[in-house]
Amino acid sequence: MSDSPKEIDLKENQNKKDEEINQLKQTIKKQKNKIKKMKKELEIFKPERKAHQDLENFKSQISNLNENSIEETIKYMKQYPINQKIQENGCFILQKFAKENEDNQIEIKKFNGIEPLINVMNNFPNNEDIQIKASEALLIFSGGLKKNNIEIRNLKGIEPIIKSMNNFPNNQVIQEKGCGALLNIAADNENRIEIRNLKGIEYIIKAMYNFPNNQVIQEKGCGALLNIAADNENKIEIRNLKGIEPIIKSMHNFPNNKDIQKYGCGALLNIAADNENKIEIRNLKGIESIIKSMNNFPNNEDIQKYGCWALKNLSFNKENRIEIRNLKGIEAIIKAMNNFSNNQVIQENGKWTLEKLQNN
């Protein structure tokens with residue numbers, strides 16, 4: 001028996017209602033899924049919002065630096081290692097504090113602040129501003145306590161300094177900070193070897209060639225090569241990389257810069273301990289530069305000490321002895337001995353060299 005028209009209408013209405021209910025359920029389900037998705041997205045962006053808030057806190061610190069800023073800065077830098085703005089501001093704050101006094105440097109070290117400076121150089125190798133600020137901070141630390149240089153090596157901090165010099169060969173500030181940091185770091189024996197292995201000698205010499213008129217680069221470059229050349233293999237490496245020439249050129253170009261003269265004489269004294277280097281120094285007129293430096297700065301004890309010592313090392317070669325005599329090196333040695341009668345190094349090296357020169 002077939003349904004009546006009334007029953008058919010009731011069924012159709014029920015079907016419509018069921019369909020509406022199903023549609024409503026689907027809509028509710030979609031809305032729930034959308035809400036879940038939005039919640040997930042909010043969770044994803046939560047660290048970014050936190051980083052943004054921390055960046056605002058950083059800005060406040062920059063305008064109002066206080067004794068709590070060091071610890072907070074290091075905390076933020078470690079917490080957000082790849083947030084460029086936080087790292088830039090962090091480098092600025094630590095560099096500013098480290099520059100002010102040694103107490104701040106001790107405070108930064110206490111909170112392990114050297115590590116984030118090294119990390120930021122590795123994480124942002126193409127950011128010039130970060131490289132400059134971090135390099136300067138490491139330059140300051142490396143010139144402080146001897147332990148700092150060992151820590152920089154242990155934290156693999158020598159490599160990013162050298163990489164920065166390689167990545168920005170035309171940036172004079174980076175070259176200045178790099179040469180200065182390597183000068184300080186090379187005061188440690190193991191660091192000298194590490195610098196050679198990482199091709200640091202090559203980049204120091206390149207900087208000196210590329211910026212012959214930059215007195216800071218020339219001074220720090222000569223000083224770095226002085227310390228690096230205390231290692232025997234490094235003496236040979238410096239010669240092979242044509243590194244003797246820029247030292248002598250720097251002394252010639254800046255005769256009135258006492259630091260360049262001091263570091264230049266010191267570098268040549270270490271380099272001259274190698275026999276082939278003795279000849280190279282003479283051929284490049286290095287003996288002349290040493291004696292001129294001694295004559296121009298008769299009252300500078302360091303220049304006289306390094307000069308006498310350098311002439312001693314050079315005088316092991318017979319032709320060098322003739323050159324020293326011809327350039328009135330004997331007179332320069334005697335003046336140094338007279339002016340600094342209480343300096344044992346000048347007296348011993350001077351006496352030995354004079355005897356060697358007199359015996360031909």
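The values are calculated or read from the model by the stated rules, or taken from the named source; none is laboratory data. Here the structure is a predicted model, which means the values were calculated and not measured. Every residue, glycine among them, receives a Cβ derived from its backbone with ideal geometry; neighbour counts consider all protein chains shown.
See the values below:
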quantity: Any pair with Cβ under 7 angstrom, 6 or more apart, that starts in the range 300-326 at a residue that is farther than 22 Å from P255 by Cα and ends at one that is assigned to a loop (DSSP other than H, G, I, E, B); calculated: N313/A272; N313/A273; R321/S315; R321/N360
quantity: Close pairs from the range 220-232: first free of Cβ contacts under 8 Å to residues at least 12 places away in the same chain and within 17 Å of Q261 (Cβ to Cβ), partner part of a loop (DSSP other than H, G, I, E, B) and of a type in the set (A, V, I, L, M, F, W, C), Cβ under 7 Å, at least 6 apart; calculated: none
quantity: Flag if E136 is closer than 24 Å to G243 by Cα, charged (D, E, K, R) and assigned by TED's automatic domain parsing to the domain that holds Q95; calculated: no
quantity: Checking G144 against (1) closer than 17 Å to Q95 by Cβ; (2) part of a helix (DSSP H, G or I), the condition it does not meet; calculated: (2)
quantity: Residue tally, condition more than 10 Å from E301 (Cβ to Cβ) and touching a residue at least 12 places away in the same chain (Cβ under 8 Å), over the range 336-351; calculated: 4
quantity: The range 105-135: number of residues that are outside any loop (DSSP other than H, G, I, E, B) and crowded, with 23+ Cβ neighbours inside 10 Å; calculated: 11
quantity: Within the range 145-178, tally of residues that are under 15 Å from N112 (Cβ atoms) and of a type in the set (A, V, I, L, M); calculated: 4
quantity: Residue that is nearest to G266 (Cα to Cα) [pool: residues in the range 297-332 that are in a loop (DSSP other than H, G, I, E, B) and polar (S, T, N, Q)]; calculated: N300
quantity: Residues of the range 126-157 that turn out to be closer than 10 Å to I185 by Cβ and hydroxyl-bearing (S, T, Y), as a count; calculated: 1
quantity: Among residues of the range 172-212, those that are over 14 Å from the mean Cα position of the chain (by Cα) and hydroxyl-bearing (S, T, Y), counted; calculated: 1
quantity: Options Q358, Q344; residue that is surrounded by fewer than 15 Cβ atoms within 10 Å (Cβ to Cβ), under 37 Å from the mean Cα position of the chain (by Cα) and more than 19 Å from G264 (Cβ to Cβ); calculated: Q344
quantity: In the range 244-284, the residues that are outside any helix (DSSP H, G or I) and more than 23 Å from E233 (Cα to Cα); calculated: F254, P255, N256, N257
quantity: Within the range 308-357, tally of residues that are of a type outside the set (S, T, Y) and more than 26 Å from L284 (Cβ to Cβ); calculated: 11
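The rows are residues; the columns are (1) surrounded by fewer than 15 Cβ atoms within 10 Å (Cβ to Cβ); (2) closer than 16 Å to K278 by Cα; (3) not aromatic (F, W, Y).
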site	(1), (2), (3)
I290	no, yes, yes
E301	no, no, yes
Y306	no, yes, no
L311	no, yes, yes
S315	no, yes, yes
N320	no, yes, yes
I324	no, yes, yes
K328	yes, no, yes
M337	no, no, yes
